[in-house]
Amino acid sequence: MRKLAVILHADVAGSTALVQRNEALAHERIRDAFHRFSASIKAYGGTTRERRGDALVAEFSRASDAVCAALHFQQSNTDHNARLDDGIAPAIRVGIALGEEIFADDTVTGAGVVLAQRLEQLAQSGGVVIQAAASETVPRRMPFEYQSLGEQNVKGFDQPVRAFSVSVRSGESVPAPESPRPAARASSQRLWISGAVATLVVAIAGVLGWWQPWRPQVEPARIEHKAFPLPDKPSLVVLPFDNLSDDPQQEYFAVGFTEDMITDLSKLSDLLVIARHSSFAYKDKAMDVRAIARELGVRHVLEGSVRRVGDRLRLNAQLIDADTGSHVWAQRFDRPLSDILTVQDEIRHEIVTALDVKLSEGEQARFWRKSSTKPEVYDLFIRARQRRNSFTPEGVDEAIRLAEQAVALDPTFAGGWLALGHALNIAAFQGWTDSPDEALDRAIEAAERAIELDPSLGEAHTLLGMVVMKRAEYERALRELEEGVALTPNSAQSVMLLGTFLPGYGRPREALEMVERAFRLDPSPPSWYFDPLAYAHFALGNHADAVTAVSECITRIPDYLWCRVLATMIHMAAGEEGPARAQAQEVLRINPDFSSTNARRQVAMAEQREREIALLRQAGLPE
């Protein structure tokens, strides 16, 4: 039988000298060392395949598990040997590689085993050496540091192998498994109790593959522990791809790649995709993918790494079933940088196929659309988006400049116009420009141009709806906001913005449904989400719920004007004049030039708009 796996090979450094000193005692202590090593291997989800004399062979589903097991054992073995005073203290060398293994006649062989053995021979006594390809699947957020050994010519391999010595960073420790490993067998049972589903999964043995998730394996996720129940359709979180480039300034490229994957997958109605804000909350956090899945209420996790080297792109991606910890799909790409969009298409295709996501005819057309084929334009686009997300005057100004360069180089690239429109809208809304009206006009033109180039670009429809709302074009605004949600049903921001404005159209019940849907898509939401949640409850007359939501918003962002305005209305409507006037004073503190009429201009229904203006005036705010 042949299969691909992460393979660990270990042997005893200087075993001959140990045996010559005291053969019986040396063999006893070597057996004891490998017995303890096997316990570490099992704890981290690996399987010891062979122990032969002074060597050990084990396999893992994930390189991170192999590194954790090796370093955990090396630390404990060093402490163990320090207590021996007779000089017979077996020190172990470890090599870790990705490759093929072959089972025959109760032995394990294959190129992967041989490569792991060759790497182990490069290790110092008590050290661990890992193949570069394996190290690239271990995220940099894990507490390991790597020392390059360069490209090594190893016996039996035609091409040099790049290798690293790996150790635990100073002052940190090896991540422990979340729970002890049960026996290596798998069973699962689904129980329906009072209409709620709970999945009990016991002891899932690792299904081996070429690239696997990189955190220590733990007990499979249990649905009853999730913050949200699993939806009745495929569900996914795209974790931030790690930047493995030598230049830390290339971080924006990894971020941009991740955001694009989230945006494109959000177009599919048959797939629940967690929003960027919640996904990036786990950036640089050493958490098991199953713990993340429990918190977000999803079944699958996509993660990987990006290395940009000159005009080459090296990318690892893996799709993990968070209930079992096994990989569903994994692949490594080594392509020209100009193929970045093709790589994105291939990954999306693999995800849709693996999860059996059903695409309507319209979704197929939207999903496989092509963007600019110029790498420099794509680079400007993702840099503009990242600078816009900084939400500072300097960042937004730079985002405008970068987006202008993108559309100048490729006027047919809808994404460049979208990035420009977003940045101009923020500049106008925040007053970060000397000509807000001109910036709004340009934002409308950019959004319209993006839609003209790509009518399926849901985010552009949402942007256009939001901007023309500021021009009091109520019918057009609603039409564009609803189109944005129809085209990107998993975009938490598009869904939330529609929910923000629906109360002003006399549709508070639908607004609350939209807001709650956005919270499901973004379980760790931006703080401003609590504003439309409070507004929907206020419009429904649920004053207690409205106060709870708006208070949460104020606690999170005390100087957010619109939460203070809404709090003023809510308290006044509930007959709480004292708290209403106190909030009104906070409104004037934040904006001394506040106008009640201008503030409620984006309420479509005239009767409701006048009611809200009256509540603000009763609390002491100027008309």
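The values are calculated or read from the model by the stated rules, or taken from the named source; none is laboratory data. The model shown is predicted, which means the values in this text are computed figures rather than measured ones. Heads up, the Cβs are rebuilt from the backbone with ideal geometry, glycines too, and the neighbour counts pull from every protein chain shown. Accessible surface is based on the protein model in full, side chains and every heavy atom, while ligands, DNA and RNA are left aside. Shrake-Rupley method; radii C 1.70, N 1.55, O 1.52, S 1.80 Å.
Of the residues ALA477, ALA460, the single one that is open to solvent by less than 50 Å² (accessible area, probe 1.4 Å), touching a helix residue (DSSP H, G or I) at 6+ places or on another chain (Cβ under 9 Å) and over 26 Å from GLN608 (Cα atoms) is ALA460. Across the stretch 3-43, the qualifying residues are those that are at pLDDT below 85 and among the β-branched types (Val, Ile, Thr), and the one among them that is surrounded by the most Cβ atoms within 10 Å (Cβ to Cβ) is VAL19.
When VAL114, VAL108, VAL129 are screened for being crowded, with 23+ Cβ neighbours inside 10 Å and either β-branched (Val, Ile, Thr) or under 27 Å from the mean Cα position of the chain (by Cα) (or both), only VAL129 passes. Filtering the stretch 568-585 to residues that are touching a helix residue (DSSP H, G or I) at 6+ places or on another chain (Cβ under 6 Å) and free of Cβ contacts under 8 Å to residues at least 24 places away in the same chain leaves only PRO579. Condition check for PHE333 on (1) more than 23 Å from LYS233 (Cβ to Cβ); (2) without any contact (Cβ under 8 Å) to a residue 40 or more places away in the chain; (3) part of a helix (DSSP H, G or I): one failure, at (3). Here SER235, SER266 are screened, and the one residue that is open to solvent by less than 70 Å² (accessible area, probe 1.4 Å), out of contact with any Lys or Arg (no Cβ under 7 Å at 6 or more places or on another chain) and at pLDDT 85 or above is SER266.
Candidates ALA427, ALA518: the one that is within 21 Å of LEU402 (Cα to Cα), open to solvent by less than 50 Å² (accessible area, probe 1.4 Å) and part of a helix (DSSP H, G or I) is ALA427.
Selection of the stretch 598-621 for residues being touching an Asp or Glu at 6+ places or on another chain (Cβ under 9 Å) and at pLDDT below 95 yields ALA599, ARG600, VAL603, ALA604.
Here the stretch 544-600 is the region considered, the condition is being assigned to a helix (DSSP H, G or I) and of a type in the set (Asp, Glu), and the residue that is least open to solvent (accessible area, probe 1.4 Å) is GLU586.
Taking PHE280, is it of a type in the set (Phe, Trp, Tyr) and either open to solvent by 50 Å² or more (accessible area, probe 1.4 Å) or under 12 Å from the mean Cα position of the chain (by Cα) (or both)? Yes; evaluated as a whole, the condition is true for this residue. Report yes if ARG348 is modelled with pLDDT of 80 or more and part of a helix (DSSP H, G or I), otherwise no. Yes.
Residues that are modelled with pLDDT of 90 or more, within 16 Å of GLN117 (Cβ to Cβ) and out of contact with any helix residue (DSSP H, G or I) (no Cβ under 8 Å at 6 or more places or on another chain) within the stretch 44-69 comprise just one, GLU59. Of all the listed residues (PHE73, PHE157), the sole one being open to solvent by 50 Å² or more (accessible area, probe 1.4 Å), over 21 Å from SER305 (Cβ atoms) and among the aromatic types (Phe, Trp, Tyr) is PHE157.
Looking across the stretch 119-145, the residues that are of a type outside the set (S, T, N, Q), in contact with a helix residue (DSSP H, G or I) (Cβ under 7 Å, 6 or more places away or on another chain) and in a strand (DSSP E or B) come down to VAL128, VAL129, ILE130, PHE144.
Here is a check on your reading of the model: is VAL377 β-branched (Val, Ile, Thr), modelled with pLDDT under 90 and not in a helix (DSSP H, G or I)? When the stated conditions are applied, VAL377 does not pass them.
Evaluation of PRO526 against the conditions (1) at pLDDT 95 or above; (2) surrounded by 15 or more Cβ atoms within 10 Å (Cβ to Cβ); (3) out of contact with any Phe, Trp or Tyr (no Cβ under 9 Å at 6 or more places or on another chain) shows that the sole unmet condition is (1).
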